[in-house]
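Take a look at the structure set out below.
Every number in this text was worked out from the coordinates using simple rules, so none of it is lab data. Predicted, not measured: the structure shown is a model, and the values here were computed from it. Reconstructed Cβ throughout: ideal geometry from the backbone, glycine too, with neighbour counts over all protein chains shown.
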Amino acid sequence: MKRKGILIIISGFSGVGKGTLVKRLVEKYDSYALSISATTREPRPGEVDGREYFFLSKEAFENKIKENGLIEYACYCDNYYGTPREYVERQLEDGRDVILEIEIQGAYKVKKQYPDALTLFVMTPDAGELRYRLESRGTESEAVIEKRMQRAAKEALGIKEYEYIVVNDKLEKCVDEVHRIIMAAHNAAHRNMEFIDNIRKELEGGE
Ligand code: 5GP
């Protein structure tokens, strides 16, 4: 059975700890390639260009859109975010599982282009915990936190479109749960049609 790379979309409310989750997943298991997005938002303290994001000016970002250099992009709380096309396509061709950590509008756009993409939504156990995590990160102003909480309320309406939800309560447990979901997704019948068709043809030929 030939193992094909899966495009994995991980979304979740701002502050839920998706970044940490995804970083740990890539560290712990070597089968994943993590896509680095482009954004026009300012780097947070400690963030490095080309590691967390490619930090671009609005003009540079708009050029990338014009050149068809992005698989998708979205405007989130007044900034652009987008997925560079080349890296993702190359990794998938090489048979690697590629992780996109993107918000919900981008997830819909990717799913349209890649119907086989696996979609997961990361949640906190409750809304109070989400606010607590956003506030304790200490990197956003009260106004930005408010905007992100309002955005979370809107995003909650779209969670049912995702295939899986995972609750990020204990990091390691959540990382392993996401890994197990991805491993199981590799065995989904619709992702193995070539293998199934070959066996069917052999069976038919043997009759
Ligand atoms: P943050 O500013 O907290 O790093 O990210 C804000 C939101 O943008 C998060 O929900 C994150 O998943 C999302 N995001 C990051 N990169 C991309 C991207 O390339 N495309 C889209 N559509 N959303 C992204």
Computed over the chain, the distribution of all Cα-Cα distances in 5 Å bins, rounded to whole %, is 1, 7, 14, 18, 19, 17, 10, 6, 3, 2, 1, 1, 0, 0, 0
Relative contact order of the chain (C-alpha contacts under 8 Å, at least 6 apart) in percent is 30 percent
In whole Hz, the Karplus estimates of ³J(HN,Hα) for the range 33-39 (6.51, -1.76, 1.60; θ = phi - 60°; x where Gly or Pro) are 10, 9, 6, 9, 7, 9, 8
Residue-ordered couplings for the range 185-198, obtained by feeding phi - 60° into the Karplus form 6.51 cos²θ - 1.76 cosθ + 1.60 and rounding to whole Hz (Gly and Pro as x), are 4, 4, 8, 4, 4, 5, 8, 10, 5, 5, 4, 5, 4, 4
Using the Kirkwood radius over Cα pairs of the range 36-94, the Stokes-Einstein translational diffusion coefficient at 10 °C and 1.306 mPa s, in µm²/s and rounded to a whole number, is 134 µm²/s
Partner lysines whose C-alpha sits under 23 Å from that of Lys112, ignoring same-chain residues fewer than 8 away, are Lys4, Lys18, Lys64, Lys66, Lys154, Lys160
Between Glu161 and Val144, the two model label points (7 Å from Cα along the beta-carbon direction) sit apart by a distance in nm of 2.6 nm
Shape descriptors of the range 1-57 over alpha-carbon atoms, Rg and Dmax in angstrom, are 13.5, 45
By the C-alpha gyration tensor axes a ≥ b ≥ c (rounded if a/c is under 1.5, else prolate when a/b exceeds b/c, else oblate), the shape of the range 64-170 is prolate
Given unit charges at Cβ for Lys, Arg (+) and Asp, Glu (-), the dipole magnitude of the range 57-207 about its Cα centre in debye, nearest 20, is 400 debye
For Ala33, other-chain or 5+-apart residues with amide H closer than 5 Å (H placed, Pro excluded) are Asp97, Val98, Ile99
Over its alpha-carbon atoms, the range 156-207 yields an Rg and a Dmax in Å of 17.5, 54
Rounded to the nearest 10, the angle in degrees between the Cα long axis of helix 104-113 and the longest principal axis of the Cα atoms of the chain comes to 30 degrees
